[in-house]
Amino acid sequence: KNLYIELSSLEIKPPSTCPALIKEQQNKNLRTNGAILAYLSSLNPRPRALQTTAAIDFIGSAGYVYIMTNLNGIFYARQVGLIILPKSRDSFVHLTETWICFSLSKPS
């Protein structure tokens, strides 16, 4: 029986979004993911179960991945990688970097 849940959220903004709105949305995403993680953590208080979530935040074709962890009621978020979606065949090389980002962010 799998005791762990993997949950992620995704936020997408157009490349023309103003910097102030980007910061506002990023802060909202952190608060939202913190609330989701707090709820999931309350479902099973065991130390390692339901204590981490992942999120992706895109601005245009570029985005970042962050992991949020519940450390005894304190929510800690850290960026674990960047994602660049290909715009052409020549830019598919960036997908390798994206897959490496995801493989490195798996919990141990």
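If the condition is being at pLDDT below 90, assigned to a loop (DSSP other than H, G, I, E, B) and open to solvent by less than 70 Å² (accessible area, probe 1.4 Å), then the range 4-17 contributes only Leu7.
Selection within the range 40-79: residues that are of a type in the set (A, V, I, L, M, F, W, C) and open to solvent by 40 Å² or more (accessible area, probe 1.4 Å). The member of this set that is modelled with the lowest pLDDT is Leu43. A Cβ distance below 7 Å, combined with a sequence gap of six or more or placement on separate chains, defines the contacts here; from the range 53-64, residues that are within 24 Å of Ala38 (Cβ to Cβ) reach residues that are open to solvent by 20 Å² or more (accessible area, probe 1.4 Å) and of a type in the set (D, E, K, R) in the pairs Asp57/Glu11.
The values are calculated or read from the model by the stated rules, or taken from the named source; none is laboratory data. Everything numeric in this text was worked out from a predicted model, so none of it was measured. Note that we place each Cβ from the backbone using ideal geometry, even for glycine, and neighbour counts take in every protein chain shown. Each accessible area value is taken on the protein alone, full model and side chains, heavy atoms only, with ligands, DNA and RNA left out. Shrake-Rupley method; radii C 1.70, N 1.55, O 1.52, S 1.80 Å.
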